[in-house]
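Okay, so here's the structure we're looking at.
The values are calculated or read from the model by the stated rules, or taken from the named source; none is laboratory data. The shown structure was predicted, so the numbers you read here are calculated from the model rather than taken from an experiment. Cβ: placed from backbone, ideal geometry, glycine included. Neighbour counts: every protein chain shown. Ligands, DNA and RNA are excluded from the accessible area calculation, which covers all protein heavy atoms including side chains. Shrake-Rupley method; radii C 1.70, N 1.55, O 1.52, S 1.80 Å.
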Amino acid sequence: MPEVSKMKKPDVKIVLLGDMNVGKTSLLHRYMERKFKETVSTVGGAFFLKQWGPYNISIWDTAGREQFHGLGSMYCRGAAAVILTYDVTNWQSLAELEERFLSLTDTANHDCIYALVGNKADLTDSKAQLCQDSDGLVKDRTECNEECEVPSGCPTPPASPTSLPGVMLRKQVINEDAVTLYGRILRYKGLEEKSSLPAEKMCFETSAKTGYNVDTLFETLFDLVLPSILRKRQENQQSPTVDLEECRMVGSKKGRSGCC
Amino acid sequence: MKVSVDIRHSVQHGDGTKPDWDGIMETANHQEGEAAAVKIGDSPLESNQPADSLAASFSLLENHMFPDPVESNGSAAVSRIEPVNSQPPDVSAEHLGLDEKPPSDQVMKLDPEKTKTECQNDVSMQPADGTTEDDATDNDQSDSGEFVVTMLAKAKLEEQGIGVKGRSSPLLEAGTQESSSFTSHRDEDVTADSWRQHRKHVFVLSEAGKPIYSRYGSEEALSSTMGVMMALVSFVQSGDNIIRSVYSDEHTVVFLQKGPLVLVCVSSSRQSEQQLQGELLYVYYQIISMLTQASISRIFEHKKNYDLRRLLAGSEKILDGLLNLVDSDPSFLLSAVHCLPLASSLRDSLSQILQKAITPNLVFSILIAKNQLLTIVQEKTVIEDSRLEPADVHLLLNLIGASSAFQAGEIWTPICLPLFNPDCYFYAYISYLDPPECTVCLLLLSTDKEAFYSVAECKRKIEEAMMAQNSLSLIAKAGTYSVSQVGVSDLRHFMYKPFDVPDNYRQLTQFTSPEMEAPYSSEEEKMRLLDLYRYMHGRIHSTSRPLKLIYHVAERETLLAWVTSKFELYTCFSPLVTKACAITAITKLLRWIKKEEDRLFIRYPPKYSTTPNPSKSSRGGKSDQQDSTDNGFLSLL
């Protein structure tokens with residue numbers, strides 16, 4: 001990633017929020033590095049840059065711990081999208097989103113997009129146990145199988161029970177609950193349900209472990225924040241100074257990324 | 001179930017009172033609805049009775065922490081209590097309750113003389129023939145709610161479940177920590193024998209007796225044990241004394257009270273009380289570095305029985321990592337920082353790179369490789385005010401080491417440096433410069449919460465400059481050195497901590513030490529050598545009889561420790577070395593260190609100026625800038 005780090009200011013900001021141990025870091029890691037690994041509890045917030053076509057998207061992976069709660073609104077400032085993450089096997093993690101995390105998004109953009117993500121779907125859903133990674137499907141599948149055999153493969157020992165292949169856990173949060181919460185979020189934000197993005201589109205169930213729905217989640221969001229990037233660019237163009245470096249970079253990086 | 005306890009009071013008369021457990025249980029039964037039920041005699045004349053209760057509490061703790069499962073002949077417990085008031089303890093019908101707060105503001109040293117309460121506890125546990133566990137459980141149930149009895153029954157049950165007697169090396173645990181970090185010590189069975197075999201236990205609890213942290217096993221499972229600990233602390237406190245340590249044959253129990261937190265260490269490592277206390281202080285500082293002292297006091301002022309684990313959840317690994325490091329890294333023992341040996345020209349060029357990449361409110365730029373310091377650049381006015389203490393650097397290094405999440409992306413997190421200022425936060429930017437290897441780490445500390453993007457920009461500059469100078473590959477070649485470079489045949493290992501610091505640069509205390517090589521290559525042997533060093537260190541720094549020079553002939557090696565006004569030196573020789581030989585070797589060693597000084601130490605830490613108004617970055621100014629609302633804990637209260 002050294003070339004990424006040399007890039008200029010990001011165009012748009014996406015923030016991952018949610019209770020500790022729901023798998024925020026694992027989700028991002030699965031998307032960025034295309035693998036699942038054991039993570040430790042995040043300290044503060046971690047900043048990542050993702051190149052999406054000609055755009056630089058910054059993703060903030062925040063700590064879910066109460067200790068860092070006060071920082072949440074800072075990480076959310078000016079965010080174009082917020083990913084509210086919960087654990088499908090833990091009802092409380094969904095409740096926490098409304099109680100603890102929703103108010104943090106007050107500092108986000110007015111047109112901020114909200115996504116509700118139920119992670120650890122592989123623990124409750126057999127279809128989520130299949131790998132969904134678009135690239136290297138075969139390789140990844142064997143990798144997953146290996147991971148599944150390791151009982152300690154669960155990233156978050158205290159909150160989530162370890163998964164054994166074939167043994168399904170009780171799903172505590174069904175998609176309908178998330179859809180209802182999504183409605184309440186829109187109301188909290190004072191947004192019209194009709195003019196906003198539909199709940200069916202913005203509620204996801206994912207598995208960072210198998211990669212189920214992870215790419216879909218991030219790529220859907222990236223596409224949705226594009227208008228906000230373009231608007232921001234337009235505003236910048238109206239300013240008298242022209243950022244030559246940015247233009248050059250757009251040209252050189254375009255061919256490299258394989259998403260568009 | 002038949003249990004008899006013989007408590008002899010050596011302070012009084014040889015055959016003193018001999019209460020048995022049934023007696024104590026009876027007393028306990030009279031106390032209805034009390035959590036802790038050790039009663040203190042109501043007549044001041046019967047001064048032996050509180051001491052007996054105290055002894056009983058000790059033995060309760062002993063039973064749970066380290067019962068002697070096979071031959072329960074007796075364990076001598078010596079408790080050292082620091083007198084803070086020469087007044088005789090007031091023993092007027094007081095209950096040793098967990099919720100009672102003795103006045104703590106009278107803590108002052110009036111009497112330098114130390115009272116030593118020596119209690120000889122003959123705890124003989126004789127499970128009668130045919131006793132089944134059911135009996136014990138019955139007992140337990142009939143007296144449910146009675147603290148002492150529950151404890152006793154628990155200890156009893158544990159007695160019967162004697163497991164495999166095997167000592168587990170803490171270093172081995174530290175080694176496997178990485179891989180098995182998720183099936184960690186949190187899930188350990190606290191009633192198992194293996195739990196009691198751990199070399200060093202550390203517990204943190206609140207003044208209300210609420211468990212906050214345990215190194216091994218879950219805090220919930222240990223709440224009764226921690227209750228007994230708190231009972232001991234508050235019992236001694238009720239006599240306007242402070243409990244410092246309890247000694248038994250096998251273990252040393254050290255107590256440290258810091259604000260609303262009580263830290264307890266139960267160790268079989270044979271370290272001195274001062275050393276163990278120092279380690280507990282590190283644990284306290286690590287907690288402070290995550291929460292700040294101000295917010296901890298505020299939280300407990302508002303709610304005495306607040307469960308601090310809510311805020312520390314997720315940080316257990318950082319504390320675990322610290323304790324493993326304390327056991328395996330001599331930096332903590334020496335209170336000095338180990339820096340990576342580096343050609344002084346390279347170190348200077350790295351410092352210059354850091355010096356150039358600045359932004360307002362940046363106060364420290366630190367470069368770390370292989371968990372050792374490469375260089376450190378500080379804000380000018382900060383140096384004038386105070387210097388960075390080794391302990392703060394240790395906490396930073398531990399934070400980086402304990403969080404593998406740092407290996408990807410750029411981290412922005414609040415952190416408090418407790419010795420610099422225990423009440424406010426710095427904002428730390430942490431990023432690895434050589435992904436995916438992740439050995440070279442950049443740490444930038446700012447006082448501005450919002451400065452992430454400008455601080456991240458500094459990293460870009462540093463990265464570019466390092467790329468241009470090819471610094472990364474040069475750093476990769478640097479590493480620890482071998483003792484053979486000194487050229488003294490009998491010398492196996494040493495640790496050298498100089499005190500001679502150039503006056504203008506009140507620099508970080510550092511030490512240098514070669515790699516531990518054969519015969520100290522295995523983890524066990526490394527630990528054994530460190531234990532020997534700890535023993536020497538303990539003797540040198542003994543409060544009662546400090547020493548300047550020790551020549552110690554151990555079983556498999558000979559050690560020499562020497563403290564002067566200029567340095568502190570610990571050396572390890574082969575066992576057959578003579579005294580004269582060792583002295584010559586040390587002269588040679590000192591000459592070698594002098595010659596290599598520029599490579600082994602950070603000689604002149606450079607500085608920069610990032611604040612236009614110097615008064616702003618002073619210590620006082622900083623606490624103004626970062627008012628306490630920054631940390632976000634107010635929202636919890």
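Of the candidates B:Arg298, B:Arg309, B:Arg270, the single residue that is in contact (Cβ under 8 Å) with a residue 60 or more places away in the chain and on the phi > 0 side of the Ramachandran plot is B:Arg270. The criterion of being assigned to a loop (DSSP other than H, G, I, E, B) and either loosely packed, with under 14 Cβ neighbours inside 10 Å or within 22 Å of the chain's Cα centre (by Cα) (or both) holds for B:Glu555. Of all the listed residues (B:Ile411, B:Ile475), the sole one being within 14 Å of chain A (Cβ to nearest Cβ), open to solvent by less than 10 Å² (accessible area, probe 1.4 Å), in contact with a strand residue (DSSP E or B) (Cβ under 6 Å, 6 or more places away or on another chain) and modelled with pLDDT under 95 is B:Ile411. If you go through the range B:428-441 and keep only what is over 24 Å from the mean Cα position of the chain (by Cα), at pLDDT 90 or above and within 12 Å of chain A (Cβ to nearest Cβ), you end up with B:Tyr429, B:Ile430, B:Ser431, B:Tyr432, B:Leu433. Scanning the range B:573-612 for residues that are over 30 Å from B:Arg347 (Cβ atoms) and in a helix (DSSP H, G or I) gives B:Lys579, B:Ala580, B:Cys581, B:Ala582, B:Ile583, B:Thr584.
Say whether the condition of being among the basic types (Lys, Arg), open to solvent by less than 30 Å² (accessible area, probe 1.4 Å) and more than 10 Å from chain B (Cβ to nearest Cβ) is met by at least one residue in the range A:64-77. The answer is no; no qualifying residue exists. Strands (runs of 3 or more DSSP E) fully within the range B:349-457 that include at least 3 residues being among the β-branched types (Val, Ile, Thr): B:362-369, B:372-379, B:410-415.
Residues checked against (1) within 21 Å of B:Glu279 (Cβ to Cβ); (2) modelled with pLDDT of 95 or more; (3) of a type in the set (Ser, Thr, Tyr):
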residue: B:Ser521; (1), (2), (3): no, no, yes
residue: B:Met536; (1), (2), (3): yes, yes, no
residue: B:Ser544; (1), (2), (3): yes, no, yes
residue: B:Leu569; (1), (2), (3): no, yes, no
residue: B:Leu589; (1), (2), (3): no, yes, no
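The residue list A:Thr25, A:Thr85 contains one member that is more than 13 Å from chain B (Cβ to nearest Cβ) and surrounded by 24 or more Cβ atoms within 10 Å (Cβ to Cβ), which is A:Thr85. Exactly one residue among A:Asp223, A:Asp215 is among the charged types (D, E, K, R), modelled with pLDDT of 75 or more and surrounded by 16 or more Cβ atoms within 10 Å (Cβ to Cβ), and that residue is A:Asp215.
Taken residue by residue, the range A:38-47 has no member that is more than 7 Å from chain B (Cβ to nearest Cβ) and either under 30 Å from A:Leu169 (Cα atoms) or under 14 Å from the mean Cα position of the chain (by Cα) (or both). So for the range B:316-335 (the condition being open to solvent by less than 20 Å² (accessible area, probe 1.4 Å), more than 22 Å from B:Arg199 (Cβ to Cβ) and either within 11 Å of the chain's Cα centre (by Cα) or within 14 Å of chain A (Cβ to nearest Cβ) (or both)), does at least one residue qualify? No, the range B:316-335 contains no residue that is open to solvent by less than 20 Å² (accessible area, probe 1.4 Å), more than 22 Å from B:Arg199 (Cβ to Cβ) and either within 11 Å of the chain's Cα centre (by Cα) or within 14 Å of chain A (Cβ to nearest Cβ) (or both). Each residue in the range B:461-471 was checked for being open to solvent by 60 Å² or more (accessible area, probe 1.4 Å) and either part of a helix (DSSP H, G or I) or in contact with a Cys (Cβ under 6 Å, 6 or more places away or on another chain) (or both), and 4 of them qualify. Residues of the range B:203-216 being within 19 Å of B:Val326 (Cβ to Cβ) and not aromatic (Phe, Trp, Tyr), which ones? B:Val204, B:Ile212, B:Ser214, B:Arg215, listed by residue number.
Conditions (1) in contact with an Asp or Glu (Cβ under 8 Å, 6 or more places away or on another chain); (2) hydrophobic (A, V, I, L, M, F, W, C), marked per residue:
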{"site": "B:Gln237", "(1), (2)": "no, no"}
{"site": "B:Ile242", "(1), (2)": "yes, yes"}
{"site": "B:Ser245", "(1), (2)": "yes, no"}
{"site": "B:Val264", "(1), (2)": "no, yes"}
{"site": "B:Gln275", "(1), (2)": "no, no"}
{"site": "B:Ile299", "(1), (2)": "no, yes"}
{"site": "B:Lys304", "(1), (2)": "yes, no"}
{"site": "B:Leu312", "(1), (2)": "no, yes"}
{"site": "B:Asp320", "(1), (2)": "no, no"}
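Just for the range B:442-460: of the residues that are in contact with a helix residue (DSSP H, G or I) (Cβ under 9 Å, 6 or more places away or on another chain), buried (at least 20 other Cβ atoms within 10 Å of the Cβ) and farther than 30 Å from B:Lys258 by Cα, which one is nearest to the other protein chains (Cβ to nearest Cβ)? Among residues in the range B:442-460 that are in contact with a helix residue (DSSP H, G or I) (Cβ under 9 Å, 6 or more places away or on another chain), buried (at least 20 other Cβ atoms within 10 Å of the Cβ) and farther than 30 Å from B:Lys258 by Cα, the one nearest to the other protein chains (Cβ to nearest Cβ) is B:Phe452. Considering only residues that are more than 16 Å from A:Asp87 (Cβ to Cβ) and among the basic types (Lys, Arg), which ones fall in the range A:23-38? Once the filter is applied, which keeps residues that are more than 16 Å from A:Asp87 (Cβ to Cβ) and among the basic types (Lys, Arg), the range A:23-38 yields A:Arg34, A:Lys35, A:Lys37.
Among the conditions (1) more than 15 Å from the chain's Cα centre (by Cα); (2) open to solvent by 10 Å² or more (accessible area, probe 1.4 Å); (3) away from every other protein chain (no Cβ under 14 Å), B:Asp307 misses just one, which is (3).
Here is the figure for the range B:332-348: residues that are in a helix (DSSP H, G or I), of a type in the set (Gly, Ala, Ser) and in contact (Cβ under 8 Å) with a residue 60 or more places away in the chain total 1. Within the range B:222-246, residues that are closer than 16 Å to B:Val202 by Cα reach partners that are open to solvent by 30 Å² or more (accessible area, probe 1.4 Å) and of a type in the set (Asp, Glu) with beta carbons closer than 7 Å, at six or more positions or on different chains, in the pairs B:Arg244/B:Glu82.
Among the residues of the range B:422-461, just one is under 21 Å from B:Thr292 (Cβ atoms) and without any contact (Cβ under 8 Å) to a residue 12 or more places away in the chain, namely B:Glu450.
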